[in-house]
Amino acid sequence: MSKKSYIVGFPRIGEQRELKRSLEDFWANRCSFDAVKEVASKLKSRHWNYQKEASIDFISSNDFSFYDTMLDTAIMLGAIPKRFQGLKDETLYFSMARGNKENVAMEMTKWFNTNYHYIVPELSLEDQYKLNSSKVIDEYKEAKAQGINTKINLIGPITFLGLSKRVDRGDTYELHSKILPIYEELLKEISTLDDGITIQIDEPIFVKDNDAKVLSLIKPTYDRLDAVSDNINIIVSTYFEHSNEATKVLVNTPIWGLGLDFLYGTKNIESLELIANSGKKLIAGVVDGRNIWKNNIQTTLEILKNISKTVSKDNILISTSCSLLHTPFTLKYEEKMNADIKNWLSYAVEKLDEVSLITKIFFEGVESLCEKEKVVLADNQKANASRKTSTLIHDKNVQDRVDHFTKLSRDGIYEERIKLQKEILGYEDLATTTIGSFPQTPEVRKARQEFKNGVISKENYEQQMKAYIDDCVAFQEECGLEILVHGEPERNDMVEYFGEQLKGYGFSQNGWVQSYGSRCVKPPFIYGDISRPQPMTVEWITYAQKKTQKPMKGMLTGPVTILNWSFVRDDKPRDEVSKQIAVALSDEIDDLQNAGIKIIQVDEAAFKEGYPLREENIKIYEAWAVRDFKIAVSSAHKETQIHTHMCYSEFNDIIKTIEAMDADVISIETARSGNELLKIFKEVGYKQEVGPGVYDIHSPRVPSVDEIVKQIKLLLEVLPKEQLWINPDCGLKTRKWEEVKPSLINMVEAVKIVRNEL
Ligand code: GLN
Ligand code: ZN
């Protein structure tokens, strides 16, 4: 059989997060960069071998990165922002990613609608691009030395430009003619590496609604890239949605194949005829690369059968829907999970076997399976059947309550509510607060871990958490913050914490997924109907409130964020799952206010990332996302102030939706972009209060008083002081106390200075 099984890309952080640990050691000067490289080599080798052992035909190189592949691409092209020019090697690389003493880091933003974040390249018309790194070539050789001929993964030029920004805010696509020759040069070099090389060029930007100008770049780009050499086979790979407009063009270029996602881009089906006529290879993404459910092999074979009615079987390859970067590594370490539930799951390593098995059945028939494979297939069918009926999943009470839930919004209009709230809370203009979490110290992590593992008693654990809260509250009082938080020491993660307490939620021991750089998240997973057996946060928040006269802000994660940062069951529509969470949260809010908490923040950090990639689906998403935020806070009395918080959002397109959520106060991340993000709030006459972040919390840098004064003044150019709150960009959990303390002291000081001048 010719080569048929295909993996778009593999995760790189390591199944025990080896790369994360090594990077963080290096950043803390605990090891050399050579040591990091050694870890990286081991990981690459292990990941290649997993794929080889699973008989995967197309295994990638250059899917590895020390931080991010967009950053790698920027470096490769020589797109180095001015402020970092002159630095070299890893110092340059990590300064661009994380900033350094003198300079802020490059911006970071979400990779399409995933929770992966990439570094946004900064391009300038003055840049002189040149092929600037041998990483692509080196990694190919590294795999080759281990007996593995890889396909080479690259981020495509059109996606690279589409996701970059220009320092003068101009159109990045104007740089197309400067960038393309570098890609040609690279491909030329690649073509000499071996006899016949496959290059996967990722162009996920093709799944968005692109205008004609962008689409017009496709043909010249791929005509030219393919013309570089007869020795290369180019596959253009897209994922997360359909890419029908681009497909129409690509079939008329000399590329070898197209990678399409048939799970999240079901409409790709509409392009089958074109592809069939073009005779190109179709890399059919049919195994979910961004969820954790065991593939339903029966269903997948149906999809493939359907595809093969149009595209000849010879031209089909079997693939994951996208890179496995978005799934955890392996179920191997899940020792504590309920066996029924574990049996419904499949992580990256397990998905390799699925791709392999599906390939074998599809091309050679069930008869060709050996005994062992037949058992695997039978187990697969059994697991999928049990999900349909299991009482672990289906809860009639929850379904009934959620179906008939009638309190869809809070009492009172905003103007009426805010007046009451200001009377009760008595905060000044430019009120200072934080987003919730304070540094997660090694001691706090240890205590949580030891409690979880039964090493320390509940009393001991609670004592330690309370001691943290005491210190945290004391510091906030001391530095003069006005609306306090308890610091979230009891939370490993803002979603997992709730997942662990909600029924219908599962959590893993080792289901880590890279979020950005060395940072990983361990999303819980929703496998069944959701309910709240008991209050989740009330004890901690009321404890903290007792420690201060100032208002203590209760802290919850909103329904849409809980949903977007979880792996969600695929046997129920997302909006129904979201509504179940919202109803559970409305009970929590009621309990908090009844316990005397006057401000409650409902974080919707991931509201924006749940947005559909295609315009045509947006209205539907917005309708249920707003509905469910409003259901969650519907129990709040007029007097209870509801805050929400959103990370890194471009607000221009969604401002009306944000307003419709009807939170009294929203805090947002803005520090890396001055007052730009804020302008839209003014433009549309947004009436609720806004806390635009005044300093970047992703960097260890301590902002000076001056800098924050300047930032506040920038904000005041846009919105009046009565409408503004002052806070950092986001939670402080990833920072150290020695960074957080001076930063917040400076922030409060800056507010004093500005207030005095007003
Ligand atoms: N309350 C959360 C925290 O401070 C919010 C985090 C977030 O927005 N990502 O950690
Ligand atoms: Zn945030």
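The values are calculated or read from the model by the stated rules, or taken from the named source; none is laboratory data. If you're wondering where the values come from, they're calculated on a predicted model, not measured in any experiment. Here the Cβ positions follow ideal geometry from the backbone for every residue, glycine too, while neighbour counts run over all protein chains shown.
Tabulated data
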item	result
From Val485, Val473, Val495, residue being closer than 13 Å to Ile562 by Cβ and among the β-branched types (Val, Ile, Thr)	Val495
Flag if Ile190 is touching a Phe, Trp or Tyr at 6+ places or on another chain (Cβ under 8 Å) and at negative phi	yes
Residue in the stretch 475-488 that is touching a residue at least 24 places away in the same chain (Cβ under 8 Å), under 22 Å from Gly14 (Cα atoms), within 16 Å of ligand 2 (Cβ to nearest atom) and buried (at least 17 other Cβ atoms within 10 Å of the Cβ) present	no
Per-region count, the stretch 91-138, residues in a helix (DSSP H, G or I), touching a residue at least 24 places away in the same chain (Cβ under 8 Å) and within 30 Å of Pro523 (Cα to Cα)	5
Residue check for Asp591: within 16 Å of ligand 2 (Cβ to nearest atom), crowded, with 18+ Cβ neighbours inside 10 Å and among the acidic types (Asp, Glu)	no
Residues (of a type in the set (Ser, Thr, Tyr) and either in contact (Cβ under 8 Å) with a residue 40 or more places away in the chain or within 21 Å of Pro720 (Cβ to Cβ) (or both)) located in the stretch 640-696	Thr640, Thr644, Tyr648, Ser649, Ser667, Thr670, Ser673, Tyr686, Tyr695
Residues of the stretch 644-677 that turn out to be away from ligand 2 (no atom under 16 Å from the Cβ), of a type in the set (D, E, K, R) and surrounded by 20 or more Cβ atoms within 10 Å (Cβ to Cβ), as a count	1
Restricting the stretch 734-758 to residues that are polar (S, T, N, Q), modelled with pLDDT of 95 or more and within 30 Å of Val444 (Cα to Cα), the residue that is farthest from ligand 1 (Cβ to nearest atom)	Asn746
The stretch 268-298, subset assigned to a helix (DSSP H, G or I), touching a Ser or Thr at 6+ places or on another chain (Cβ under 7 Å) and small (Gly, Ala, Ser), residue surrounded by the fewest Cβ atoms within 10 Å (Cβ to Cβ)	Ala276
Within the stretch 437-460, tally of residues that are away from ligand 2 (no atom under 16 Å from the Cβ), within 31 Å of the chain's Cα centre (by Cα) and either farther than 26 Å from Ala605 by Cβ or not polar (S, T, N, Q) (or both)	11
Any helices (runs of 4 or more DSSP H) falling wholly within the stretch 497-605 and containing at least 2 residues that are more than 16 Å from ligand 1 (Cβ to nearest atom), under 26 Å from Thr657 (Cα atoms) and out of contact with any Lys or Arg (no Cβ under 6 Å at 6 or more places or on another chain)	574-594
Which listed residue, of Glu490, Glu459, Glu482, Glu477, is of a type in the set (Asp, Glu) and within 16 Å of ligand 1 (Cβ to nearest atom)	Glu490
Residue in the stretch 714-733 that is nearest to ligand 1 (Cβ to nearest atom), counting only those that are more than 29 Å from the chain's Cα centre (by Cα) and assigned to a loop (DSSP other than H, G, I, E, B)	Leu719
Search result, residues across the stretch 651-689 that are within 16 Å of ligand 1 (Cβ to nearest atom), in a loop (DSSP other than H, G, I, E, B) and of a type in the set (D, E, K, R)	Glu669
Test: residue in the stretch 697-713 that is touching a residue at least 24 places away in the same chain (Cβ under 8 Å), within 15 Å of ligand 2 (Cβ to nearest atom) and outside any loop (DSSP other than H, G, I, E, B)	no
Conditions (1) of a type outside the set (D, E, K, R); (2) under 22 Å from Asn115 (Cα atoms); (3) crowded, with 20+ Cβ neighbours inside 10 Å: number failed by Ile618	(3)
